[in-house]
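What follows is a short report on a single structure.
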Amino acid sequence: NAGVTQTPKFRVLKTGQSMTLLCAQDMNHEYMYWYRQDPGMGLRLIHYSVGEGTTAKGEVPDGYNVSRLKKQNFLLGLESAAPSQTSVYFCASSALGSLQETQYFGPGTRLLVL
Amino acid sequence: RKEVEQDPGPFNVPEGATVAFNCTYSNSASQSFFWYRQDCRKEPKLLMSVYSSGNEDGRFTAQLNRASQYISLLIRDSKLSDSATYLCVVNPQGGYGGSQGNLIFGKGTKLSVKP
């Protein structure tokens, strides 16, 4: 099992460009999450999904859109990138989202917006 | 008061030392608690869950104090390989999705174990 994978690993964008980050998991997990991690800020939840075809907003959803067309994939889109979106993006998944459920993280995508 | 607060450190300790981290949380309704470990430029990984009765996993001991709303992590006989950032994580129960696995992460405490 590959677990949670993310593509790309690193990307440089110019302000205003768009891109999509792909997260894939092979553990048949229902729940998937997108976080961003910034120095001094900790991990913050952008959007999450409790199942195929459903998405919901997290703590910092503005400027991002997501889609969960297939259970194993969770896409994060930036329609018009801004320098404030320079960050490390982590995808995670969990089986059922219950109270003691472990979240498994992907290796991260480092995004630099110039 | 921030939801989950940790001392950022760094904690610089020699090999073999015992080191303890504390973390406080603001939501008294929080139901579940975890410690994650994050190595430099890597993803967070679950270290251990924290149970009300306290729990131990080898050299690691986690404790929960609901009355004072803090959790702790004790590492005994520190190894060089313990060097990492330790993230205190809380499920707020009633936050973004209630029990839907949404977690609140502390900013982390950096540990550096020296030879």
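Consider region A:83-98. How many of its residues are in a loop (DSSP other than H, G, I, E, B), out of contact with any Gly (no Cβ under 8 Å at 6 or more places or on another chain) and under 21 Å from B:Leu46 (Cα atoms)? Break it down into steps so the answer makes sense when it comes.
In the first step, residues of region A:83-98 are kept if they are in a loop (DSSP other than H, G, I, E, B); the result is A:86, A:95-98.
From the residues that got through so far, the ones that are out of contact with any Gly (no Cβ under 8 Å at 6 or more places or on another chain) too are A:86, A:95.
Of the ones still in play, those that are also under 21 Å from B:Leu46 (Cα atoms) are A:95.
So the count comes out to 1.
Does A:Ser80 meet the test of being more than 9 Å from every other protein chain (Cβ to nearest Cβ), assigned to a loop (DSSP other than H, G, I, E, B) and either within 19 Å of B:Cys88 (Cα to Cα) or not acidic (Asp, Glu) (or both)? Yes; evaluated as a whole, the condition is true for this residue.
Being in a strand (DSSP E or B) and either exposed (fewer than 14 other Cβ atoms within 10 Å of the Cβ) or modelled with pLDDT of 95 or more (or both) is the requirement here; does A:Ala2 meet it?
Numbers: in a strand (DSSP E or B): no; either exposed (fewer than 14 other Cβ atoms within 10 Å of the Cβ) or modelled with pLDDT of 95 or more (or both): yes.
Here the answer is no, as A:Ala2 does not meet what is asked.
Taken over region A:83-114, the residue count meeting the criterion of being at pLDDT 95 or above and within 7 Å of chain B (Cβ to nearest Cβ) is 5. Scanning for something at pLDDT 95 or above and of a type in the set (Asp, Glu), does region A:54-72 turn up at least one residue? The answer is yes, given that some residue of region A:54-72 is at pLDDT 95 or above and of a type in the set (Asp, Glu).
Out of A:Leu45, A:Leu75, I need the residue that is part of a strand (DSSP E or B) and within 14 Å of chain B (Cβ to nearest Cβ). Which one? Break it down stepwise before answering.
Details: A:Leu75 fails: within 14 Å of chain B (Cβ to nearest Cβ).
Of the residues listed, the single one that is part of a strand (DSSP E or B) and within 14 Å of chain B (Cβ to nearest Cβ) is A:Leu45.
Among all residues of region B:13-24, there is none that is within 14 Å of another protein chain (Cβ to nearest Cβ), in contact with a strand residue (DSSP E or B) (Cβ under 6 Å, 6 or more places away or on another chain), within 19 Å of A:Gly40 (Cβ to Cβ) and of a type in the set (Phe, Trp, Tyr).
Restricting region A:9-26 to residues that are outside any strand (DSSP E or B) and closer than 18 Å to A:Ala82 by Cα, the residue that is nearest to the chain's Cα centre (by Cα) is A:Ser18.
In region A:10-37, what count of residues is obtained for those that are over 23 Å from A:Ser94 (Cβ atoms) and among the charged types (D, E, K, R)?
Going residue by residue through region A:10-37, those that are over 23 Å from A:Ser94 (Cβ atoms) are A:10-19.
From the residues that got through so far, the ones that are among the charged types (D, E, K, R) too are A:11, A:14.
Of the residues in region A:10-37, 2 are over 23 Å from A:Ser94 (Cβ atoms) and among the charged types (D, E, K, R).
Counting just the residues of region B:41-72 that are over 17 Å from B:Thr18 (Cα atoms) and aromatic (Phe, Trp, Tyr), which one comes out surrounded by the most Cβ atoms within 10 Å (Cβ to Cβ)? In this case the residue turns out to be B:Tyr70. Within the set A:Gly42, A:Gly77, A:Gly51, A:Gly63, the sole residue that is without any contact (Cβ under 8 Å) to a residue 60 or more places away in the chain and in contact with a helix residue (DSSP H, G or I) (Cβ under 8 Å, 6 or more places away or on another chain) turns out to be A:Gly63.
Only a single criterion out of (1) crowded, with 18+ Cβ neighbours inside 10 Å; (2) part of a strand (DSSP E or B) is not satisfied by A:His29, namely (2).
The values are calculated or read from the model by the stated rules, or taken from the named source; none is laboratory data. The structure displayed is predicted, hence computed values, not measured ones. Here the Cβ is made from the backbone with ideal geometry for all residues, glycine too, and neighbour counts use every protein chain on show.
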